[in-house]
1. Please figure out what share of the DSSP beta bridges in the chain is antiparallel and state it in percent, rounded to the nearest 5.
2. What value, in deg cm²/dmol to 500, does the helix sum -39500 (n - 2.57) over DSSP H runs of n ≥ 4 give at 222 nm once divided by the residues of the chain?
3. The chain: longest stretch without exposed GluC sites (Glu not before Pro) (DSSP loop, at most 15 other Cβ within 10 Å), sites themselves excluded?
4. At what distance in angstrom do the alpha carbon centres of region 315-368 and region 68-141 lie from each other?
5. Residues with amide H under 5 Å of Y24's amide H, sequence separation 5 or more or different chain, H placed in the peptide plane at 1.01 Å from N; which?
6. Which of the residue pairs K184/K299; K184/K279; K184/K351; K299/K351; K160/K279 have a Cα-Cα distance greater than 26 Å in the structure shown?
7. Could you check how many percent of all C-alpha pairs in region 1-53 are farther apart than 17 Å?
8. Not counting ligands, DNA or RNA, and with a 1.4 Å probe, what is K351's accessible surface area in Å² rounded to the nearest 10?
Amino acid sequence: MPPHCPNRHCPHYLDPRDFAWQPYGSFRRRSDDRHFQCFRCRKCRRRFSIRTFQGDYWLRRRDAYPHVLAWACEGPGLRQAGRVLQLHHSTLMRHLARGGRQALLYHYSRLRDRNVVEPVAIDGFESFEFSQYFPFHLNLAAGLRSWFIYGFTESPLRRKGRMTAKQKLRRAELERTLGCPDPKAIQRGMTELLDLVFRGLKQECTSPRGLEVHSDEHPAYPPALRLFTRTSGHRLDHYVTPGSAPRTLDNPLFPVNLADLLLRHGQANHRRETIAFSKRRQGAIERAALFLVWRNFVKSRQENRPGPTAAMLAGLAAIPLRWGEFVQRRLFPRAENLPGPTWEFYWARIKTAIYGTKQRTHELRHAF
Ligand SMILES: [Zn+2]
């Protein structure tokens with residue numbers, strides 16, 4: 001049964017009440033000679049099939065799709081995974097972009113209208129796109145008790161650290177032609193992250209002491225937290241743990257430090273000295289969305305003690321998720337399910353400066 005009209009311009013896309021459809025023939029898939037029921041919306045007259053509501057619609061290599069998503073979180077670069085799965089790397093890239101969009105919808109729609117009832121640790125994970133002249137931060141927030149990663153935002157940065165005279169010249173030349181990244185990008189990214197995590201939160205639902213946020217001593221965090229409390233009206237207590245403190249289980253930043261480690265360990269594009277680095281920040285964002293689903297919903301919280309996932313401990317899932325289930329039901333974009341910058345992530349509107357203005361965003365070939 002079609003749950004709603006898939007046409008984004010039809011009123012029954014958002015509101016499935018009184019959604020009326022009629023059977024409208026069927027179509028035959030040539031690859032395996034299977035027949036699928038088709039329907040027509042009585043309101044907008046758009047024709048669609050039952051495949052429209054499946055996560056692997058329009059995929060030729062739908063058999064490989066869940067495996068591509070699994071491999072993307074387990075270490076190999078795209079070409080390496082492609083050789084194992086016998087897929088061209090451009091096919092993998094399309095599968096990952098689709099999986100990343102589905103992951104954003106899966107993660108944030110589960111968080112919708114939920115209260116974060118645990119202290120949260122925040123941190124910036126550093127990586128780069130295209131070349132080391134274009135570093136960026138993925139700002140992460142993880143729950144202290146469940147280790148659930150509540151969300152991420154991105155902040156493009158200026159290259160810093162030790163550079164030769166030639167490298168400094170190159171940086172100046174790039175900044176002249178492409179512009180300099182916003183010096184307050186980390187502050188902006190972190191405020192966006194706090195908005196994302198604590199949106200819709202009712203103050204009375206949290207501890208009487210207010211929200212509890214832990215971070216290291218990064219100078220951009222206190223102004224970001226102040227801006228968040230001023231605009232949201234929430235009370236928030238900020239606890240600082242020095243970055244030099246031992247990174248053990250007793251460290252309040254442990255869950256977010258572990259997320260950093262897993263991200264660098266499991267995703268080839270973030271590994272040090274790799275040739276599999278991200279060519280576009282948008283690609284890194286799509287893979288980070290898949291990482292969120294893998295870390296929160298698929299993987300056991302602790303590897304040596306297989307058991308509940310982070311999502312189960314955060315009260316957001318009852319059982320672990322398998323990639324096969326993840327791709328079964330297609331999720332449709334609704335602005336209220338994708339808060340703040342994640343709407344831009346979904347439509348692939350994050351630009352890599354060096355590629356200029358001509359960059360592909362995610363457009364729909366049909367209305368759905
Ligand atoms: Zn319709």
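The values are calculated or read from the model by the stated rules, or taken from the named source; none is laboratory data. Bear in mind that the values here come from a model prediction, so they are computed numbers and not experimental data. Cβ coordinates were reconstructed from backbone atoms using ideal geometry, including for glycine residues, and neighbour counts include every protein chain displayed. For accessibility, only protein heavy atoms count, side chains too; no ligands or nucleic acids. Shrake-Rupley method; radii C 1.70, N 1.55, O 1.52, S 1.80 Å.
1. Numbers: 28 of 36 bridges.
The antiparallel fraction comes to roughly 80 percent.
2. Details: 11 runs with 118 residues, N = 368.
Estimated from H runs of four or more residues: -9500 deg cm²/dmol.
3. Values: sites that count: E74, E217, E273, E303, E363.
Here the longest segment lacking exposed loop sites spans 75-216.
4. The two parts, judged by their Cα centres, are 11 Å apart.
5. Here the answer is C38, F39, R40, since their amide H atoms fall under 5 Å of that of Y24.
6. Working: K184/K299 34 Å; K184/K279 24 Å; K184/K351 18 Å; K299/K351 31 Å; K160/K279 19 Å.
From the list (K184/K299; K184/K279; K184/K351; K299/K351; K160/K279), the Cα-Cα distance tops 26 Å for K184/K299; K299/K351.
7. Values: 452 of 1378 pairs.
Here the tail beyond 17 Å accounts for 33 percent of pairs.
8. About 80 Å², ignoring ligands and nucleic acids.
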